[in-house]
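Trainee: Below are the structure tokens for one structure; questions will follow.
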Amino acid sequence: MSKSILPNITKRWSPRAFSSKSISEEDLDLLFKAAGKAASSYNEQPWRFVYAHREDTQNFNLLLECLTEFNQKWAKNAAVLVATVAKKSFSNNGKPNAHSWHDIGLAMGNLSLQATSMDIYLHHMAGYDKEKTIESLNIRADYEPVTFVAIGYLGDKEQLPDNLKEQETPESPRKDVDEITFVGQMGK
Ligand SMILES: Cc1cc2nc3c(=O)[nH]c(=O)nc-3n(C[C@H](O)[C@H](O)[C@H](O)COP(=O)(O)O)c2cc1C
């Protein structure tokens with residue numbers, strides 16, 4: 001049998017149309033557990049997650065309003081909004097953890113794969129106001145927001161504004177392996 005990429009890696013993509021179906025607290029807990037299984041520098045586990053279900057209107061809006069206008073337009077329909085937050089220093093010696101964002105990426109990769117296996121989809125967002133997030137979500141000193149993530153089940157793309165409908169595709173272009181790999185030295 002020929003080898004291939006894991007089906008859940010191929011299946012994953014970032015939708016903007018989410019269904020109205022909620023995600024149970026139990027399922028969300030599984031996603032966060034999967035995130036927490038990631039490797040991290042000195043096992044610091046610098047990831048923290050501030051989240052709200054859509055039904056929890058007050059907290060959901062707190063998160064939603066930190067997003068850019070563009071992201072708010074579609075992320076308002078997510079079942080859950082999450083702000084990923086990094087602890088900036090190591091707990092044992094207070095030194096800066098240069099890899100905290102890297103480790104959050106690993107954690108979110110795990111969360112994403114676990115979600116895909118449960119037919120749940122993620123849409124990561126860098127489009128948010130950092131200062132507003134720190135204030136509105138009461139982010140502690142020595143922590144910083146990294147991304148927001150909209151999570152939910154797939155919805156009907158007809159609910160999206162016209163300009164977003166055409167971008168709603170599971171097939172985004174990808175660089176070839178040749179373009180991203182170098183043997184020994186990177187060169188010019
Ligand atoms: C760190 C990060 C930040 C992103 N920020 C945004 C964003 O603010 N708004 C948005 O619509 N999509 C955002 N995206 C989604 C990317 O555009 C998307 O992942 C990329 O086009 C590849 O498509 P795919 O995830 O469907 O394979 C972000 C993705 C990542 C990983």
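Trainee: Name the single residue, out of those in region 15-27 being of a type in the set (A, V, I, L, M, F, W, C) and assigned to a loop (DSSP other than H, G, I, E, B), that is nearest to the ligand (Cβ to nearest atom).
Mentor: Initial filter on region 15-27 (of a type in the set (A, V, I, L, M, F, W, C)): 17-18, 23.
Narrowing further to those that are assigned to a loop (DSSP other than H, G, I, E, B): 17, 23.
Values: A17: 12, I23: 19 Å.
Checking each candidate, the answer is A17.
Trainee: Name the helices (runs of 4 or more DSSP H) wholly inside region 81-188 in which the number of residues that are at pLDDT below 95 is 3 or more.
Mentor: Helices (runs of 4 or more DSSP H) meeting the threshold: 162-165.
Trainee: Let me ask you something else. What number of residues within region 88-114 are among the polar types (S, T, N, Q) and loosely packed, with under 14 Cβ neighbours inside 10 Å?
Mentor: Result for region 88-114: 3.
Trainee: Return the pair list, or none, for Cβ contacts closer than 7 Å from residues in region 161-187 that are near the ligand (Cβ under 9 Å from one of its atoms) to residues that are modelled with pLDDT of 95 or more and charged (D, E, K, R), at least 6 apart or on different chains.
Mentor: Final answer for the pair search is L164/R16.
Trainee: Any idea which residue in region 115-143 is farthest from I9 (Cα to Cα), counting only those that are surrounded by 16 or more Cβ atoms within 10 Å (Cβ to Cβ) and away from the ligand (no atom under 16 Å from the Cβ)?
Mentor: Restricting to residues being surrounded by 16 or more Cβ atoms within 10 Å (Cβ to Cβ) and away from the ligand (no atom under 16 Å from the Cβ), the top hit is S136.
Trainee: Same structure again: Quick one: which of R12, R54 is away from the ligand (no atom under 15 Å from the Cβ), closer than 20 Å to E168 by Cβ and either in contact with an Asp or Glu (Cβ under 8 Å, 6 or more places away or on another chain) or not hydroxyl-bearing (S, T, Y) (or both)?
Mentor: R54
The values are calculated or read from the model by the stated rules, or taken from the named source; none is laboratory data. Keep in mind that what you see is a predicted model, and the values were worked out from it rather than measured. When we count neighbours, we look across all protein chains shown, and the Cβ atoms used for this are built from the backbone with ideal geometry, even at glycine.
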